[in-house]
Amino acid sequence: MKIKQLTSVLLAAGVTAIAPALHAAELEVSVQNLTRGIYFTPILIAAHTPGQQLFNVGEAASAELQEMAEGGNITGLAEATEAMGADNVINPAGGLLMPTATTSTTLSTADTNTALSIVAMMLPTNDGFIGLNSWEIPTEAGTYTIYINAYDAGTEANDEIRGGGAPGVPGLPVPPPLEDLVGTGGSGVTAEITNDTVHIHPGNLGDDDAEGGMSDVSNTVQRWLNPVARVTVTVSE
C-alpha cells in the first residue's frame, strides 16, 4: 500500500517529459548543512528515473513523505524508491547532520536513473525538510553545486512545542543532542494548518523564553533563511 501511494506521487509530474539520454554514472555527493542551529535527520539520496518525484510542491504529501517530514524516518521513502529501481544511499552521515557540517558519499547509478533527489527532516521543526527534487544528473563529467531550500510538508501545524515525532502527533521531535537546545513550556504558535500541501517552509518564529513563551524554539539560534543546504555533485564516468 505504501509503495502504491508513493508511486502516484512519484509519477504525477513528468509523465510527458522527454527523458535525457541514458547513461550510467559514478557520483560523489556531498551535503552541507548551512544553518546555524538546525540539525538534519538521516538523509536519503536517491538516483531514479526522471519521471519520478519524491514530492510535488502544491500537492499533498504522501504517507512516506509525511513520515520523514514529521519524524525523520526515511524507511518508507527508501523502500518505495528501491522497489521502483532507484539507486539509494541511506543515512550517509550515520545519524544527525549538525549545523555547518558536511557528509559525503559515492553513488553508482543505473543507465535509466538519471535524476537525483535528496530529503531529510529539519530539527527542530514540526514537518520541515530539505528537498532536492528530481535534479537532472549531468552527462558531462565535472563538479556541480546546488543550493536547496526548506520545505513544509503541510501535514502538521507549526506549533513549535516540544514533543511528537510520529505522523499525526503534534510537536517537535527532540532527540539527542537537542534536549538541552530546545526550550520547554511553550503555549504554542498555532494549532492550525494554513496550507495542507507541500510548500516553501515559512520558517521557525521562536521566542527568547527558554521555559515558556509561545514557542520552545530559540528565535535567534534556530531560525533560518533559504537556502539551508548545499549539495555538491561530482560526476565521473
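Could you give the dipole magnitude of the chain about its Cα centre, charging the beta-carbon of Lys and Arg +1 and that of Asp and Glu -1, in debye to the nearest 20?
Values: 6 positive and 27 negative charges, 70 e Å.
That gives the chain a dipole magnitude of about 340 debye.
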> How many nm separate the modelled label positions at Thr232 and Glu59, each set 7 Å beyond the Cα in the direction of the Cβ?
Replying inline: 3.4 nm
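In nm, what is the difference between 0.36 nm times the number of residues separating Glu136 and Thr220 and their Cα-Cα distance?
Working: separation 84, 0.36 × 84 = 30.24 nm, distance 3.57 nm.
That works out to 26.7 nm of additional length.
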>> If I compute percent of Cα pairs over 34 Å apart from the structure I just sent, which labelled value in [x] 14; [y] 17; [z] 8 lines up?
In response: [x]
>> I need Tyr144, Tyr151 ordered by Cβ neighbour count within 10 Å, fewest first.
In response: Tyr144, Tyr151
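Sorting Glu70, Glu82, Glu156, Glu179 on the 10 Å Cβ count, fewest up front, what's the list?
With the fewest neighbours first, Glu70, Glu82, Glu156, Glu179 line up as Glu179, Glu82, Glu156, Glu70.
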> Counting only residues 5 or more places away or on other chains, whose amide H sits under 5 Å from the amide H of Ala61 once H atoms are built in the peptide plane?
Replying inline: Val198
> When the chain is modelled as a GNM with alpha-carbon springs shorter than 10 Å, which of Ser108, Ser215, Ser134 fluctuates the most?
Replying inline: Ser108
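Taking every eigenvalue of the Cα gyration tensor of segment 109-171, multiplying by 5 and rooting it, what semi-axes result, largest first, whole Å? Don't jump to the answer; show the numbers that get you there.
Numbers: eigenvalues 212, 29, 13 Å².
After scaling each eigenvalue by five and taking roots: 33, 12, 8 Å.
Nearest 0.05, what FRET efficiency do Ala191 and Met98 give at R0 = 25 Å with Cβ-Cβ as r? List each step's numbers first, then the result.
Working: r = 31 Å, r/R0 = 1.23.
Working from the Cβ atoms, E equals 0.25.
All of the numbers you see were taken from the coordinates with simple rules; none came from a lab. From a predicted model like this one, the values you see are computed outputs, not experimental measurements. Counting neighbours? That spans all protein chains shown, and the Cβs are built from the backbone with ideal geometry, glycine included.
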